[in-house]
């Protein structure tokens, strides 16, 4: 019964609608066959209510007046009134009112039919006119027609025409269907609308010249019972199965029909027709259609009998309906009990002479289409408890290794002491070393005990522990660097009195313990202040990064990066770089080990002291110092400046960690805020104004390198014109014309560079489309692994984040330039789709790009360097295990991957020809509502991409057997239809370079207009 209670939540409303539809479906007869019943549609089942495509449809998908409460009440009153009028008791009094006999019904007498006055002088079989007249007479019926006035006819039409079940929610009120009348809608519970059968018909042959394409592409045939597109079962067998002259409808196929497979698909079933030619006909039954069946379960065979006249005259559409829905029919006369469905479990055979037609029913697996979700969610799983324990164990070994090396150095230097002052200093250093080691070991032991006893299982807690370990590793590196500075000064500490300018300064007996957040006193500065945790310079111009990469020295371990003030500190003095650490064979006299820098000395004094130390270093042999190496791998870097969001350890093998570090630093946040302020003042958010500065972006884009010479490294480079401090007006002008942010950061061994394209736009877009925070995005990018995309044609380098949420792809320079021109339209399209209401939001299949970056690094310790342009996009298969993955372009030119038979797994990305060969035997079927969503997404995305001359892209399809879903998304939609792509299309289309003249993968815009896009028929 109809649920009349007021329900507030969307799930409750959907459940009430489903319950009402299920009840009405039980009370109504839609088929004349007694054992045929119809189940409710998929979208009204519990699985359909939870399917990913349900949000694209209104709450009331299937409409009928019977689902309208007001109409059902009027219809019930009408039926009761008609029953009373049919046989009213004479003279009966009800409620004190006498009920009079029913008035005689008004009748209408039609004129006589012309057959009654027609002279019949010939036989019926010889006169076509007589046969037509007789058929018309039978169709006309009798002459007397009753005129029944329905008192509820007008009342019934009022709610139907006035407001045909207005949508209950605001989202449904915006639909165009809400203003339509029931007369223009399809009543899904009207038996008249069920007197037809829609099937998906296809015909294919592996031996045909069309292979792997089907001879008859799948298309929907609507067969009206005993009407259009319907014929008798006997005529179908004689005309399309047993007629020797019947050939394949395809003009390119000459393969006999005996080698074809024809399929009729409806709902979750498929009736497959296969022909086979026998060596000799069944004796005694020449020119007679025979019929028999075979049970594939119990292997029983029915007797071979001729096809009766009733069966020959049966509607072929009704026969298919029985095969699809009549699963309750079983064998009646059977010597041995079978009990299996005659229409589902039996193969039915029809034979004529030497030809046999086999009709078999098989269940098909219906797949759901899953488009990229409008919003991205990152599941913060965090590290495992075991991995954290192993990391702490390794870190404890590193701590032991570091302090053993420090102890060995101090022990070797203690034998050379000649004075009590030196001995006291050495004792202080030993005490400081023991204290630091004890603090670290105590912290490690407490954390290990907490992990073992408390059993931290929450991902947030485990992630916090991991980040604290990263901070401690950074602190260990800083401490080791400070110890290297102290130990380097000890052999020459006897010469310090020659350069001391303040004799009465107080010696710092115990330096502060290591840590990332320490408060320093103006009179007592820790030696850690000299560590090369250089603040990242923020460059707000459009110069190439090659100028900055050219400043990276290859033969020095010093941190001599060009230091520029961040946008938030434009008026401040530039920060000086950290101290230079010599290589193993160098000789130098550093500053005092306990001071870290000369107190009260100006630049001239520092320069004079450095010069004198250098002279003494050349005169005093044997004072070279080999610094204690860092305990971590050379490609892992912990000596970076303070983080703003998440502590990141930069790894050269993981390019995403460079991006994560740049997004996490304070300088990026300051530059982003500056860009936002300038955007508000200059109106940079307007697309038209963004396009007006496109020319300046093109000049500074990676596709057109700047011809200016690279600036020399060091402090002198700060005087160059491009890096001078701009005034207020010039600064805003530059920021408005260049929406990119460039960052540099370094440690003692390596220097890094990161350019963030469209930093503010991507940041705003991520806020719109991500359910998770920016910190989760940075954490996801902190680690990545190489991702081998086997089977692809591009040859690009891919990386996948460790949590498998995002994919990083290397971009050629031309693609970067194309994206810079295309990006403003992309931001508008993606954010606009997310901001729209759910029901009015057009579905789209674009795999969202969350950032485009240029990174580079140069390591002077292992002499490695790299430059990469990377885009970060969502992983369409996040949290899934795909059985097969396809990269489709809609072309058969070089679109085949050779794989071992039966080993086509998700490890190999298959192409178009692989899909066509696969669906020949195992087609992929989707439901009608999925086809509607897919067509709408194709229309929306193709129109958007073609309007901006984006034509070279792929459709990525993954089959998830665990959920019976096809995950679909468009990738690689960066390249525009430039002159090189035009030349590629012309050359490949002519067949000069092979390919048998097949359509190339890159075509012009006219071939990609929404009106000319064909759905992938083997999927839909």
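Only one of the listed residues (197, 189, 237) is buried (at least 18 other Cβ atoms within 10 Å of the Cβ) and part of a strand (DSSP E or B). That residue is 197.
Which residues, taken from the stretch 944-961, are assigned to a helix (DSSP H, G or I) and either in contact (Cβ under 8 Å) with a residue 40 or more places away in the chain or closer than 27 Å to residue 882 by Cα (or both)?
As a first pass, look at the stretch 944-961 and keep what is assigned to a helix (DSSP H, G or I): 944-947.
Scanning the stretch 944-961 gives 944, 945, 946.
Checking 892, 850, 918, 870 one by one, the residue that is in a helix (DSSP H, G or I) and more than 14 Å from residue 956 (Cα to Cα) is 918 and no other. Pairs are defined by a Cβ separation below 7 Å, a sequence spacing of at least 6 or placement on different chains, a first member in the stretch 962-988 that is on the phi < 0 side of the Ramachandran plot, and a second member that is surrounded by fewer than 14 Cβ atoms within 10 Å (Cβ to Cβ) and modelled with pLDDT of 65 or more; the pairs so defined are 962/881.
Residue-level analysis places residue 279 outside the set of residues that are more than 44 Å from the chain's Cα centre (by Cα) and either assigned to a helix (DSSP H, G or I) or modelled with pLDDT of 90 or more (or both). The sole residue among 413, 480 that is surrounded by fewer than 18 Cβ atoms within 10 Å (Cβ to Cβ) and either assigned to a helix (DSSP H, G or I) or in contact with a helix residue (DSSP H, G or I) (Cβ under 9 Å, 6 or more places away or on another chain) (or both) is 413. What residue, among those in the stretch 283-299 that are more than 58 Å from the chain's Cα centre (by Cα) and exposed (fewer than 13 other Cβ atoms within 10 Å of the Cβ), is modelled with the lowest pLDDT? Looking at residues that are more than 58 Å from the chain's Cα centre (by Cα) and exposed (fewer than 13 other Cβ atoms within 10 Å of the Cβ), I get 284.
Across the stretch 328-343, the number of residues qualifying as surrounded by 19 or more Cβ atoms within 10 Å (Cβ to Cβ) and within 44 Å of the chain's Cα centre (by Cα) comes to 1.
Would you be able to say whether some residue in the stretch 230-251 is closer than 30 Å to residue 61 by Cβ, within 44 Å of the chain's Cα centre (by Cα) and outside the structural domain of residue 71 (by TED's automatic domain parsing)? Step through it out loud before you land on a result.
The initial filter retains those residues of the stretch 230-251 that are closer than 30 Å to residue 61 by Cβ, namely 230.
So of that shortlist, the ones also within 44 Å of the chain's Cα centre (by Cα) come out as 230.
Checking which are outside the structural domain of residue 71 (by TED's automatic domain parsing) leaves us with 230.
Yes; the residues of the stretch 230-251 include at least one that is closer than 30 Å to residue 61 by Cβ, within 44 Å of the chain's Cα centre (by Cα) and outside the structural domain of residue 71 (by TED's automatic domain parsing).
Restricting 494, 504 to those that are at pLDDT below 85, part of a helix (DSSP H, G or I), over 38 Å from the mean Cα position of the chain (by Cα) and farther than 14 Å from residue 395 by Cβ reduces the list to 494.
Would you mind finding the one in 114, 145, 77 that is at pLDDT 55 or above, surrounded by 10 or more Cβ atoms within 10 Å (Cβ to Cβ) and assigned to a strand (DSSP E or B)?
On the way: 114 fails: assigned to a strand (DSSP E or B); 77 fails: assigned to a strand (DSSP E or B).
The match here is 145.
All conditions in (1) part of a helix (DSSP H, G or I); (2) over 22 Å from the mean Cα position of the chain (by Cα); (3) over 27 Å from residue 787 (Cα atoms) hold for residue 941, with the sole exception of (2). For residue 278, are the conditions met, namely being closer than 23 Å to residue 204 by Cβ, in the same structural domain as residue 209 (by TED's automatic domain parsing) and surrounded by fewer than 17 Cβ atoms within 10 Å (Cβ to Cβ)? No.
The rows are residues; the columns are (1) closer than 22 Å to residue 42 by Cβ; (2) modelled with pLDDT of 90 or more.
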| position | (1), (2) |
| --- | --- |
| 922 | yes, no |
| 956 | no, yes |
| 965 | yes, yes |
| 981 | no, no |
| 1004 | no, no |
| 1020 | yes, no |
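You will find that of 47, 20, the residue that is in a helix (DSSP H, G or I) and surrounded by fewer than 16 Cβ atoms within 10 Å (Cβ to Cβ) is 47 and no other.
A search for C-beta distances below 6 Å between a residue of the stretch 813-830 that is closer than 14 Å to residue 846 by Cα and any residue that is part of a helix (DSSP H, G or I), counting only pairs 6+ apart in sequence or on different chains, returns 827/761; 827/765; 829/944. Somewhere in the stretch 24-33, is a residue closer than 30 Å to residue 967 by Cα, out of contact with any helix residue (DSSP H, G or I) (no Cβ under 8 Å at 6 or more places or on another chain) and at pLDDT 85 or above? Within the stretch 24-33, none of the residues are closer than 30 Å to residue 967 by Cα, out of contact with any helix residue (DSSP H, G or I) (no Cβ under 8 Å at 6 or more places or on another chain) and at pLDDT 85 or above.
The values are calculated or read from the model by the stated rules, or taken from the named source; none is laboratory data. The structure presented is a predicted model; accordingly, all values stated were derived computationally and were not measured. Glycine also receives a Cβ, built like all others from the backbone with ideal geometry; neighbour counts cover every protein chain displayed.
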